[in-house]
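Reading through the structure tokens given below for one structure.
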Amino acid sequence: MPEKNLITVICTANVCRSPMGAALLKHAIDAEPDPIKSIEVVSAGVSAFNGDAASVNSIKAAKNVGLDIAEHKSQALTQAMIDTSFAVLCMTESHRMLMEYQFKKTTPHIYLFRELMQPGQDIEIPDPYGMNLVAYETCRDSMVEAIPSILDFLRREYK
């Protein structure tokens, strides 16, 4: 198993997109054989406060597909997270740029959540903050669509 056994999913405040993305990815990873199923998945925010709950609509959107993120507490991205991450998955290019500006790049695997999909797809996941449940479900579904490409990447690269 690789020394870096973590995937960090990041967004802005770690209350909408990244908690859903981390839960969806962890659910998919749990169904994989070893060594992939041993990967831990966490979420963080590039501008997050520590200890905020996931947004109500993020909790509902996750619950509607059988995932429980009700106990989620936000956390700010740290250098230690990046240092121990096999991969970091961002929601937008601005998250990746902020992360690379604020922290040392200690993993070569820094991607947008949808970047590993076939070319021609939208690769950014817009922030649904303050919008209705449908916007959160659309956000969630755009992450679900990306999960197979992330798993394919892990099957190739995580040795």
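On the stretch given as region 54-66, residues that are in a helix (DSSP H, G or I) and not hydrophobic (A, V, I, L, M, F, W, C) total 4. Among the residues of region 114-159, the one identified as in a loop (DSSP other than H, G, I, E, B), among the hydroxyl-bearing types (Ser, Thr, Tyr) and within 14 Å of Leu25 (Cβ to Cβ) is Tyr158. Within region 46-74, being in contact with a strand residue (DSSP E or B) (Cβ under 7 Å, 6 or more places away or on another chain) and either surrounded by 19 or more Cβ atoms within 10 Å (Cβ to Cβ) or within 18 Å of Asp30 (Cβ to Cβ) (or both) holds for Val46, Ala48, His72, Ser74.
Among the numbered criteria (1) at pLDDT 95 or above; (2) surrounded by 13 or more Cβ atoms within 10 Å (Cβ to Cβ), which single criterion is violated by Pro148? Condition (2) is where Pro148 drops out.
Of the candidates Ile82, Ile69, the single residue that is at pLDDT 95 or above, in contact with a helix residue (DSSP H, G or I) (Cβ under 7 Å, 6 or more places away or on another chain) and either over 25 Å from Asp141 (Cβ atoms) or part of a loop (DSSP other than H, G, I, E, B) (or both) is Ile69. Residues considered: Arg155, Arg140. Of these, the only one that is under 19 Å from Ile7 (Cα atoms), basic (Lys, Arg), touching a residue at least 60 places away in the same chain (Cβ under 8 Å) and crowded, with 17+ Cβ neighbours inside 10 Å is Arg140. Cβ separations smaller than 6 Å between residues 6+ apart or across chains give the following pairs from region 113-134 residues that are free of Cβ contacts under 8 Å to residues at least 24 places away in the same chain to residues that are of a type in the set (Val, Ile, Thr) and crowded, with 16+ Cβ neighbours inside 10 Å: Glu115/Ile123. Does Ile10 qualify as being more than 14 Å from Cys139 (Cβ to Cβ), at pLDDT 95 or above and not in a helix (DSSP H, G or I)? Answer is yes for this residue.
Summed over region 89-109, residues that are outside any loop (DSSP other than H, G, I, E, B) and touching a helix residue (DSSP H, G or I) at 6+ places or on another chain (Cβ under 6 Å) total 1. Taken over region 69-99, the residue count meeting the criterion of being of a type in the set (A, V, I, L, M) and free of Cβ contacts under 8 Å to residues at least 60 places away in the same chain is 5.
Within region 23-45, if we keep just the residues that are of a type in the set (A, V, I, L, M, F, W, C) and either farther than 21 Å from Arg156 by Cβ or more than 12 Å from the chain's Cα centre (by Cα) (or both), the residue that is surrounded by the fewest Cβ atoms within 10 Å (Cβ to Cβ) turns out to be Ala31.
The values are calculated or read from the model by the stated rules, or taken from the named source; none is laboratory data. It should be emphasised that the depicted structure is a prediction, and the values quoted were computed from it without experimental measurement. Cβ: placed from backbone, ideal geometry, glycine included. Neighbour counts: every protein chain shown.
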